[in-house]
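Read the structure below first, then the notes.
The values are calculated or read from the model by the stated rules, or taken from the named source; none is laboratory data. A quick note: this is a predicted structure, and the numbers were derived from the prediction, not measured. Cβ coordinates were reconstructed from backbone atoms using ideal geometry, including for glycine residues, and neighbour counts include every protein chain displayed. For accessibility, only protein heavy atoms count, side chains too; no ligands or nucleic acids. Shrake-Rupley method; radii C 1.70, N 1.55, O 1.52, S 1.80 Å.
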Amino acid sequence: MGHRGLRHWGTQSRLGRLRLLSSARVFLWLLPLFVVAGVWASQQGQRQREIRHRAQELLLRDKAREAVQVLRDLPGSKADSARLVLQALDETQPQPQLSSLNSLSLHGIPWRDLLHNSLRQGHFEACLRLAQLVQVVRPDDLDVSIYRLAALVELGRAGQAREMSARLPGRWTTHSLGDRVQQVLALKERGAKTVIRDRNGVLIGYLDQEGQLQLQPGIDPVWLPRELSRRLHDHADAGGLQLTLDLELSRIAFSSLRWRRGSVVLVDPPSGDILAAVSDARTLRREMGTPAFEQRREPASIAKLITLSAVLENGMSPDEEVRHERCNGTIRYEDGVVWCPVRLGRIRNVERALAASCNTTFAKLGDKLGPERLMEEFRRFGFDGGDFNGFPTGRILVDAPQGTEMGNLSIGLQVTDITPLHSALLAAVFANQGKMPVPGLIKAHTGSLGYSIRPIERGPSRQVIDPRWVPRLRKAMRAVTRRGTARGIAPFDFPVAMKTGTGRNPGLPFHTNYIGVGPLPHPNIAFSVRITNYWNSKHARYATRTVSRRLLRSLSHQSEHLADAD
């Protein structure tokens, strides 16, 4: 390369280096601007995410309007959208101008949550207005159409909803809400006035225009107590009703009886909700009304729990009172004898006496209490001949028990009676901090679709015993299931606390009352099993053990279902 070529190459190199340096200077000069812009954009994005997150929190707390107020802080068209959404939700405001949404976007507005909450809270007009608003921007969104259908149904515009549903693609019924809307539209065509569902939202049937209960296909009438029809009459003007009954638990309870004669009642201890109340078909044919609520029999040995609680409530130590007692099979009074099914010998402690169901031990405890204090305790447990929210209670059949009457009162024979429901409520006391809940069959008023739940008040539970004694009594009931008369009944994965009782009313066959709560240590269900129509006490006990074992085994498979329902 010549001298001239070298000089040209050097000149070009210097120019390239100058250009590179100039570019680097420009980049370094612009870098802070890029950093500032990036930080600003990140902050703006973070701020918008925080706004949406805050709005979501408000929506989850059923504060839809506050959520839309928060969304007004979104920039530009999003704030305008929030204003229109708020106007749609406010039924006191005029209908928003839907045409003004054509150039706007609903991105960032959680309209699905708003629609869902409006429907759940019973704001059906607001749900319809919002659905119409969103549909302007999203005319082909199937979810919006389904919410609009649901609002029309709840507002009593079934005809309009039917016309609209005919224009939708067939897949709209695969949506869970769409399926429920389709069910209700079909019921309305058949003349449904009030739609009836169980506590989990399962469709049971409907009340027609004459107030008669019509059941859905597959719903067996024996799963529902007869008393239900009468109580539904008092709420016939509601769009929908949610029952306390659990259809699956009712089916389980009825299946556990099979061909045995009797009744099974399941109760939710805190609320008193009647989850199941069933009787076998022969008992239903033979007796009028609802045997699970009205059939009166001796409580038998389940009454020993009341005697034991009376001992504790009156400041006595049950173990000290029975430590030196012996059971020889009888205790004699001037006017008769109280018999014991076992010869237990030395008692040692009250848990052993309760586990073996020793009659003489508890008859002696009743004598030490005296008639006034023992009868007062029975009345606290509801043995006053009145009713719980219209459901009959047990009774004390004598005014001033003496002698053998006093002994029989202590062990639940001859001088008292009880219903299966009352037996289950008695058990519920030991799972509800010593409180006896008020029972009920109808839980809430709802819309036709089963949403917008408005609970029916029943009054507070009443305190029956001091909560301090509940662990002590439950421990004694555990002894019944571990080494006593209920041993081997409960499955290992469904531990329960129980008490058993066998009695016989004059002129009638033997019957049993088995009650309990489970699963321990945090029981969420109280149960009562009554078996009747056995002329041999041994056969009656065997039948009741079989039914109770079958019931508890099935309930153990439903433990997650029970927890979800709670």
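The table that follows gives values for the structure above.
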item	result
Sole residue being surrounded by 20 or more Cβ atoms within 10 Å (Cβ to Cβ), under 24 Å from Ala428 (Cα atoms) and not aliphatic (A, V, I, L, M), chosen from Thr244, Thr283	Thr244
Checking Ser100 against (1) among the polar types (S, T, N, Q); (2) modelled with pLDDT under 90; (3) open to solvent by less than 40 Å² (accessible area, probe 1.4 Å), the condition it does not meet	(3)
Conditions (1) touching a helix residue (DSSP H, G or I) at 6+ places or on another chain (Cβ under 6 Å); (2) open to solvent by less than 30 Å² (accessible area, probe 1.4 Å): number failed by Thr194	(1)
Gly156 vs. criteria modelled with pLDDT under 85, on the phi > 0 side of the Ramachandran plot and either surrounded by fewer than 21 Cβ atoms within 10 Å (Cβ to Cβ) or assigned to a loop (DSSP other than H, G, I, E, B) (or both)	no
Conditions (1) surrounded by 14 or more Cβ atoms within 10 Å (Cβ to Cβ); (2) in a loop (DSSP other than H, G, I, E, B); (3) modelled with pLDDT under 90; number of the one not met by His324	(1)
Residue within the range 517-537 that is in contact (Cβ under 8 Å) with a residue 60 or more places away in the chain, of a type in the set (A, V, I, L, M) and open to solvent by 10 Å² or more (accessible area, probe 1.4 Å) present	no
Output for the range 440-464, where each listed residue is assigned to a loop (DSSP other than H, G, I, E, B) and at pLDDT 95 or above	Leu441, Val464
Flag for Ser410 being of a type outside the set (D, E, K, R) and in a loop (DSSP other than H, G, I, E, B)	no
Verdict on Leu425 being outside any loop (DSSP other than H, G, I, E, B) and either of a type in the set (Asp, Glu) or closer than 30 Å to Asn524 by Cβ (or both)	yes
Test result for Ala476, among the hydrophobic types (A, V, I, L, M, F, W, C), closer than 30 Å to Leu374 by Cα and under 26 Å from the mean Cα position of the chain (by Cα)	no
Condition check for Gly345: without any contact (Cβ under 8 Å) to a residue 24 or more places away in the chain, over 31 Å from the mean Cα position of the chain (by Cα), open to solvent by less than 20 Å² (accessible area, probe 1.4 Å) and within 26 Å of Arg474 (Cα to Cα)	yes
Among the candidates Met477, Met498, residue that is buried (at least 16 other Cβ atoms within 10 Å of the Cβ) and part of a strand (DSSP E or B)	Met498
Only listed residue being open to solvent by less than 50 Å² (accessible area, probe 1.4 Å) and out of contact with any Ser or Thr (no Cβ under 7 Å at 6 or more places or on another chain), chosen from Val438, Val464	Val464
Complete set of residues in the range 383-392 that are modelled with pLDDT under 95 and either among the β-branched types (Val, Ile, Thr) or in a loop (DSSP other than H, G, I, E, B) (or both)	Asp384, Gly385, Gly386, Asn389, Gly390
Single condition Ala126 does not satisfy, out of (1) farther than 12 Å from Leu89 by Cα; (2) open to solvent by less than 50 Å² (accessible area, probe 1.4 Å)	(1)
3 or more residues in contact with a helix residue (DSSP H, G or I) (Cβ under 6 Å, 6 or more places away or on another chain) and within 29 Å of Tyr542 (Cβ to Cβ): qualifying strands (runs of 3 or more DSSP E) within the range 206-320	262-267, 274-279
Evaluation of Gln183 against (1) open to solvent by 20 Å² or more (accessible area, probe 1.4 Å); (2) touching a Leu at 6+ places or on another chain (Cβ under 7 Å); (3) of a type outside the set (D, E, K, R); (4) outside any helix (DSSP H, G or I) (one fails), failing number	(4)
